[in-house]
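In what follows, a single structure is set out as structure tokens and then discussed.
Read-outs: derived from the displayed coordinates by stated rules, not from any lab. Quantities reported herein were computed from a predicted structural model and do not represent experimental measurements. Backbone-built Cβ (ideal geometry, glycine too); neighbour counts: all protein chains shown.
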Amino acid sequence: MTTTDQTIPYQRTALLGFEQPLADFFRSLGAKNRSDATLLAYETDLRQFFAFLAANNVAATRPESVERVDVVEFLADLGSRGVSGVSRARKLAAIREFCRFLVTNETVSRSPADGVETPRRERNVRTYLRPEEYSRMLALAGSNARDYAMLETFLQTGVRVSELCALTLDDVDLDGHVVRVRGKGMVAREIDLERNGLLALKSWLSVRPLAMSNHVFLNKDGQPFSVRGVRKLVEKYRRRAGIARRASCHSLRHTFATYKAERGISAFQLQRWLGHASVATTQIYVHLGRQNARKLMEATSL
């Protein structure tokens, strides 16, 4: 069973000797326009590391006294607690960037993270839904204009859950049939709206209550939907649709990408729609599309 950040016992402790360097580090990240999600992840990961030091190395009270072995033992301890390779790699990335900042500012002469091997990442199985599965989810949501529009937006644009939550009324151009999305690193892109997505958004916006917030999707209190709230909503429809296997908001994004690739959309076009920094990340969907095409050819052999 994989351990989550919430179950790591030294999560919220911090060392006073690291508070000022940490504050300076986050000011530098703010100047680089890093997203709020990145800042929160970095703070969580670094404070876990500092707290581990407090519990395991009484001599490590300031950045100058941290050694390579401390970083290695922190990652090893996380592994023994069942924290995934992906999470450990993310935490190491946060430590590395913090240490680079310290070296640049001459707080330390050498990064203690230098030479630390990145934990192996588990193979990422991309789950996508079959047409009959996502059709059942849509049918169940059909009587709720908001929920239906949220599911259709996932399926017809391939946006990330954080991007869906961040959508504002100004981002949706119904006349131009496009939605403007601010992705990772606040990089903006436009995604064309096809008929189903367009109609679903039109239906929701026609009954969307007036609110102080200009976000497209609002919860029952008239506040913008949180990422957690959207995940719970998707999980609710997955269960009601009788889909036994794991399927998440990201599965809906994978569903969009996989079926577009099956129908011949190029990796470069998918990259633009999905907001991937590298086309190499998108290439997996092209491979999946080709594999599925071969299966279809075999299944319909004359």
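Relative contact order of the chain, please, whole-number percent, based on alpha carbon pairs below 8 angstrom and at least 6 residues apart.
Across the chain, relative contact order equals 16 percent.
Fully extended, how many nm does the chain gain between residue 174 and residue 72 (0.36 nm per residue separation, minus their Cα-Cα distance)?
Difference between extended and current length: 31.5 nm.
When the dipole is taken about the Cα centre of the chain, and only Lys, Arg (+1) and Asp, Glu (-1) are charged at their Cβ, what size is it in debye, to the nearest 20?
Roughly 1000 debye for the chain.
Please give me the summed charge of the neighbours of residue 161: other residues whose Cβ is under 10 Å from its Cβ, Lys and Arg +1, Asp and Glu -1.
Neighbourhood net charge equals +3.
Sequence neighbours fewer than 8 away in the same chain don't count; with that in mind, list the lysines whose C-alpha is under 22 Å from residue 236.
List returned: 220.
Decide, for the range 75-187, between rounded, prolate and oblate: order the square roots of the alpha carbon gyration tensor eigenvalues as a ≥ b ≥ c, take rounded if a/c falls under 1.5, and otherwise choose prolate if a/b is larger than b/c, else oblate.
oblate
How far apart, in nm, are two points set 7 Å out from the Cα along the Cα-to-Cβ line at residue 107 and at residue 206?
It is 5.6 nm.
At 10 °C and 1.306 mPa s, what whole-number value in µm²/s does Stokes-Einstein give for the translational diffusion of the chain, with Rh from the Kirkwood sum over Cα pairs?
73 µm²/s
Fewest to most neighbouring Cβ within 10 Å: what's the order for 134, 148?
148, 134
Give me the angle, in degrees from 0 to 90, between the Cα long axis of helix 131-141 and the longest principal axis of the Cα atoms of the chain, rounded to the nearest 10.
Result, in degrees: 90.
Name the shape class, rounded, prolate or oblate, that the alpha-carbon gyration tensor gives for the range 5-104, where a ≥ b ≥ c are the square roots of its eigenvalues, rounded holds for a/c under 1.5, and otherwise prolate holds if a/b is larger than b/c and oblate otherwise.
In terms of gyration-tensor shape, oblate.
How would 210, 201, 29 line up from fewest to most surrounding beta-carbon atoms within 10 angstrom?
By the 10 Å Cβ count, ascending, the order reads 210, 29, 201.
Check which residues have an amide H placed less than 5 Å from residue 219's amide H, if you skip close sequence neighbours.
Correct list: 225.
What's the FRET efficiency of residue 199 with residue 135 using the Cβ-Cβ distance as r and R₀ = 22 Å, to the nearest 0.05? Intermediate values should be presented prior to the final figure.
Details: r = 16 Å, r/R0 = 0.72.
Result of the calculation: an efficiency of 0.90.
Just from its helices, what would the mean residue ellipticity at 222 nm be for the chain, if runs of 4 or more DSSP H residues each count -39500 (n - 2.57) and the sum is divided by every residue, rounded to the nearest 500 deg cm²/dmol? Present the calculation step by step, with values, prior to reporting the outcome.
Working: 12 runs with 170 residues, N = 302.
My calculation for the chain gives -18000 deg cm²/dmol from helical runs alone.
Excluding residue 38 itself, calculate the net charge of residues whose Cβ lies under 12 Å from the Cβ of residue 38, where each Lys or Arg counts +1 and each Asp or Glu counts -1.
Value of the local net charge: 0.
Give me the distance between the Cα centres of the range 161-195 and the range 60-82, rounded to whole Å.
41 Å
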